[in-house]
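Below: one structure, written as structure tokens.
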Amino acid sequence: MEMFRFANGEYLWALLVIPLLTLFFVWSRIQRKKALKRFGNLEMVSQLMPFASRFRPVLKFSILMLALAFIITGVARPQFGSKLKKVKREGIEIVIALDVSNSMMAEDIKPNRLDRAKLAISRLVDKLKNDKIGLIVFAGDAYTQLPITSDYNSAKLFLNSINTQIVPKQGTAIGAAIGLAMRSFTPDSKANKAIIVITDGENHEDDAVSAAKSAAESGIVVHAIGMGLPQGSPIPVLRNGQTEYLKDGSGNVVVTKLDEATLEKVAAAGEGIYVRANNAQVGLNTLFDEINKLDKTEMEALIYSEYDEQFQYFFAIGIFLLILEFFVLERKNKFLKNINLFSVKQ
């Protein structure tokens, strides 16, 4: 579907200056006429100024305003393009379920577990070509952050907005995240599908192993990445502008530890693999290499096509009109003043 748009449409407000200038021009012409009347009869005054023209100043002003309109329109960057088009691609579908519970702010993996995971996901998106990706965030509940898509720019945009406040209920509901991920794939798609769960593994909400097993039975592979180190780390919290560490009801600092046993069981039940992240690597590249071994399936995708810039044509017309305005004199040409092709009395 062909579409026209302005990339910088806000600059079109500048077009409002044209009617204002036109009003000022009309007012100045009226004032000029009044001033001439003070000298005497207009017909007699006009005989004293044989080369003066009433039409040429209006023509020059009209050309100037038209040039200004084209230049302002060019600055607004008019574009033509196709909004959406269908393309055939061969690839797989990946849904990443990212833990955003408070424990993901632990700093045993620098700068912290969540930021390191987001950076790894961003690098993974850069490696994707014909695949589709979706993002789910979870803590005590699971939510879709980005529906399955092949728009990698949108994936990065949504990824950047993820933080621990995005899910109101705290906890680590891995099972709910896997269940939501299963429902997030393209309906009736024959593409191979994989779920990647990125979490510290401290699951207290549901049966994650059963959820992974259900996914495997549906033909969806479930992989797991453990964020954190076995010895654990305190959870930093910001209070009154200062960083403190989360404490329990007894006043003891809470230490969050990686629950590898749970994640290994989840990966085994989902017929995938488990990778532990560390300060050297998160493990997404390892999983992506494993996922790439799956057969690529032809998929139909809707993508946004590029828009073609058209501003240069508006600038060219605007500049041409400015040059034309420069060569149109306000006074009559003394050699051509008696020639009147259009019978316009000047």
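The values are calculated or read from the model by the stated rules, or taken from the named source; none is laboratory data. The structure presented is a predicted model; accordingly, all values stated were derived computationally and were not measured. We place every Cβ from the backbone using ideal geometry, glycine too, and count neighbours over all the protein chains shown.
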Conditions: (1) in contact with a Ser or Thr (Cβ under 9 Å, 6 or more places away or on another chain); (2) assigned to a helix (DSSP H, G or I). Phe158 meets all but one. Number of the miss?
-> (1)
Give the residues of region 108-155 that are of a type in the set (Asp, Glu) and outside any loop (DSSP other than H, G, I, E, B), sorted by residue number.
-> Asp115, Asp126
With the first residue restricted to region 171-197 and required to be within 10 Å of Val95 (Cα to Cα), and the second required to be surrounded by 22 or more Cβ atoms within 10 Å (Cβ to Cβ) and basic (Lys, Arg), Cβ contacts under 7 Å at 6 or more apart or on different chains are Phe185/Lys193
Flagged in region 312-326 as modelled with pLDDT of 90 or more, loosely packed, with under 14 Cβ neighbours inside 10 Å and more than 20 Å from Ala7 (Cβ to Cβ), in numbering order, are Phe320, Ile323
Output for region 72-82, where each listed residue is surrounded by 19 or more Cβ atoms within 10 Å (Cβ to Cβ) and in a helix (DSSP H, G or I) | Ile72, Thr73, Gly74
From Leu119, Leu157, Leu128, grab the single residue that is closer than 21 Å to Leu258 by Cα and surrounded by fewer than 21 Cβ atoms within 10 Å (Cβ to Cβ).
-> Leu119
Could you check Ile136 against (1) at pLDDT below 90; (2) of a type outside the set (Asp, Glu); (3) surrounded by 20 or more Cβ atoms within 10 Å (Cβ to Cβ) and say which number it fails?
-> (1)
Could you tell me whether Val95 is under 29 Å from Pro236 (Cα atoms), of a type in the set (Val, Ile, Thr), surrounded by fewer than 23 Cβ atoms within 10 Å (Cβ to Cβ) and touching a residue at least 40 places away in the same chain (Cβ under 8 Å)?
-> no
